[in-house]
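Accompanying notes for the structure given below.
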Amino acid sequence: MADAYDLLLKGGEVIDPSQDLHQHCDVAFRDGRVAAIEPGIAASASDEVIDVSGYLVTPGLMDIHGHFFHRGWPGAVDPDTACLPSGVTTGVDAGSTGWGNYQALKTYILDPSDTRIYAFVHLAATGLTSLTARIGELQNLAFAQIDQAIQCIDENRGDVLGIKVRIDHRATGEANALPALEMAREVADATRSKMMVHVSGTPIPLVRIFDFMQLGDIATHILNGHAHNILDGNGRIRQEVREARERGIILDVGHAGVHFDLNVGHAAVSQSFWPNTLSTDIHNPPPGRVVYDLLGVMSTFLALEMPLDAVIASVTANAAAAIDQSGDLGTLRVGSIGDAAVLDLREGEYTFVDAAQNQVQAGQQLTSVLTVKDGKRWRQPVAPVR
Ligand SMILES: [Zn+2]
């Protein structure tokens, strides 16, 4: 008999928040998509069968803030070594390039990578590459061209999600913060696309930034510990932050080491104010700074006592919703794209840190067992012999 399925993950504990599912069952893939999800699928029905009992099975993880312009900017990483080995099948490049160099990101990274990558185009024409010379990308607004940014987004609809801008002392300074937000808003409106706004180390109050943001826009580095963070003087979530979420603004972590503070994270989780999405801002850090992969960020939030199902939701169903891909990604619904992560929730003694040298102790940590991409088991390509 012809095999009904290409791949079968058997015996795992499936967590798929898109279907309110948390139970032991089998997941089968065919032709790159999820073909069945139910208990007791016969092993004989599949070409390849992997016993994943004792492990968690989730939709392929999604990291909506990373920097993947590998070799185009020294800070950027190769998505196929930064994502897939950690169960991350979809990543978003958060404005490493602008309209002037986006085509290189597409040609050399988006198109050839095994990892599925989307991108935000930076308001600055050359994206973050000026940081190579330690020059903030919008210290001079002459680096931003609204018309070309609009054209770049319009011409790359399938890959580009919208416009990125960083409101930060080093990126814009105070003088250029509001003009940069105005320009980014104009680009997002003209293209009916999203704004992703960096809100860490901002020279202006958070509420002034939220004034420019709308339903579906993403505020990243939301749990930073710098001035103008989400907490009031009593450690409570500011009312304007709650209102921003009620308006549909997506609150994203973008950990990065420097843009996440454990005390702010603890305050948010203990007030049950969970971020919509957990993400890494993965990049090559300078010496002495720890940047976690997505499993490290997820494990940090488990240590802060965010519930496991909520942690999984934030990197699957919520992340897919944040980039308008709920039908296909971040889910194990039959017919959706066949991406999955098999994870081990390992017991032990672990410590997670932030840039302020705060620490949190943990009794468990998520590690990757294997990754399924487009219905096939992903394997690290063997490096060619030189
Ligand atoms: Zn970033």
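The values are calculated or read from the model by the stated rules, or taken from the named source; none is laboratory data. Keep in mind it's a predicted model, so treat the numbers as computed, not measured. Using ideal geometry, Cβ is built from the backbone for each residue, glycine included, and neighbour counts are taken over all protein chains shown. Calculation scope for accessible area: heavy atoms of the full protein, side chains included, ligands and nucleic acids excluded. Shrake-Rupley method; radii C 1.70, N 1.55, O 1.52, S 1.80 Å.
Annotation: aspartates and glutamates with alpha-carbon distance below 17 angstrom to K106 (same-chain offsets under eight excluded): D78, D80, D93, D114, D154, E155, D159.
Could you grab the Rg to Rh ratio for the range 257-386? Cα atoms only, Kirkwood for Rh. Before the final figure, lay out each step's value.
Working: Rg = 16.2 Å, Rh = 16.3 Å.
Rounded to two decimals, Rg/Rh equals 1.00.
Rounded to the nearest whole angstrom, the semi-axes of the ellipsoid equivalent to the range 167-313, taken from the Cα gyration tensor as √(5λ), stand at 24, 18, 16, largest first. Could you state the angle between the C-alpha long axis of helix 294-303 and the longest principal axis of the C-alpha atoms of the chain, as a value from 0 to 90 degrees rounded to the nearest 10? Relative to the chain, helix 294-303 is tipped by roughly 90 degrees.
Scanning the chain for GluC sites (Glu not before Pro) lying in DSSP loops with no more than 13 further Cβ atoms inside 10 Å, the longest uninterrupted stretch between such sites is 1-173.
If you restrict to DSSP beta bridges whose two residues both lie in the range 1-152, what percentage is antiparallel, to the nearest 5? Before the final figure, lay out the partial values.
Working: 13 of 30 bridges.
Percent antiparallel among DSSP bridges in the range 1-152 is about 45.
Listed values for the range 187-193 are Karplus-derived 3J(HN,Hα) couplings in whole Hz (6.51 cos²θ - 1.76 cosθ + 1.60, θ = phi - 60°), namely 5, 4, 5, 5, 9, 6, 10, and x replaces Gly and Pro. Note on the range 24-123: dipole from Cβ charges, positive end direction compared against I50, S96, Y108; the farthest Cα belongs to S96.
Go through A320, A310, T351 and say which Cα lies farthest out towards the positive end of the charge dipole of the chain; charges sit on Cβ, +1 for Lys and Arg, -1 for Asp and Glu. Farthest towards the positive end: T351. The phi torsions of the range 27-40, fed into the Karplus equation with coefficients 6.51, -1.76 and 1.60 and a -60° offset, translate into couplings of 10, 10, 10, 8, 6, x, 10, 6, 9, 7, 9, 6, x, x Hz, rounded to whole numbers, with Gly and Pro shown as x.
Determine the percent antiparallel among the DSSP beta bridges restricted to the chain, to the nearest 5.
Working: 33 of 67 bridges.
Around 50 percent antiparallel, to the nearest 5.
Could you pull out the trypsin sites (Lys or Arg not before Pro) across the range 42-145 that fall in loop regions by DSSP (anything but H, G, I, E, B) with no more than 15 other Cβ atoms inside 10 Å? Please list the in-between numbers first.
Numbers: sites: R71, K106, R116, R134; in loops: R71, R134.
Listed in order of number, the matching sites are R71, R134.
Only protein heavy atoms count here; under a 1.4 Å probe, M183 has an accessible surface of about 30 Å².
Whole-Hz Karplus values for the range 212-222 come out as 8, 9, 10, 3, x, 6, 10, 9, 9, 6, 5 Hz, taken residue by residue from phi with 6.51 cos²θ - 1.76 cosθ + 1.60 and θ = phi - 60°; glycine and proline positions read x. Accessible area per residue for the range 1-72, computed on protein heavy atoms with a 1.4 Å probe, is 42 Å². Taken about its Cα centre, the chain carries a charge dipole of roughly 720 debye when the Cβ of each Lys and Arg holds +1 and the Cβ of each Asp and Glu holds -1.
Taking the centroid of alpha carbons for each part, the range 106-135 and the range 366-381 are 25 Å apart.
How much of the accessible area of the chain, in percent, comes from carbon and sulfur atoms when a 1.4 Å probe is used?
After summing per-atom areas, the C and S share lands at 48 percent.
For the range 60-322, the residue among Q139, V165, A219 whose Cα projects farthest onto the positive side of the dipole built from Cβ charges is Q139.
Comparing S336, S299, S279 in a Gaussian network model of the chain, where Cα atoms under 10 Å apart are tied by springs, the biggest mean-square fluctuation is seen for S336. Label positions at S44 and N234, each projected 7 Å from the Cα along the C-beta direction, are separated by 6.7 nm. Close amide H pairs (under 5 Å, H built 1.01 Å from N) link K194 with G162, I163, residues at least 5 positions away or on another chain. The calculated pair-distance distribution of the range 60-322 uses every alpha carbon pair, bins of 10 angstrom beginning at 0, and gives 8, 34, 39, 18, 1 percent. Between helix 146-155 and the chain there is an angle of about 20 degrees, using the helix long axis and the longest principal axis of the Cα atoms.
At 222 nm, what helix-only mean residue ellipticity would the chain give, in deg cm²/dmol to the nearest 500, using -39500 (n - 2.57) for each DSSP H run of four or more?
Numbers: 10 runs with 78 residues, N = 386.
After summing the helix terms and dividing by the residues of the chain, the value is -5500 deg cm²/dmol.
Stretched out fully, how many nm does the piece from E186 to D31 gain, at 0.36 nm a residue minus the Cα gap? Can you show the working numbers first?
On the way: separation 155, 0.36 × 155 = 55.80 nm, distance 4.13 nm.
Length gained between E186 and D31: 51.7 nm.
Extension gain for H226-Q23 works out to 69.0 nm (0.36 nm per residue, less the C-alpha to C-alpha distance).
For the chain, a Gaussian network of Cα nodes joined below 10 Å ranks P205, P307, P287 by mean-square fluctuation, and the top entry is P287.
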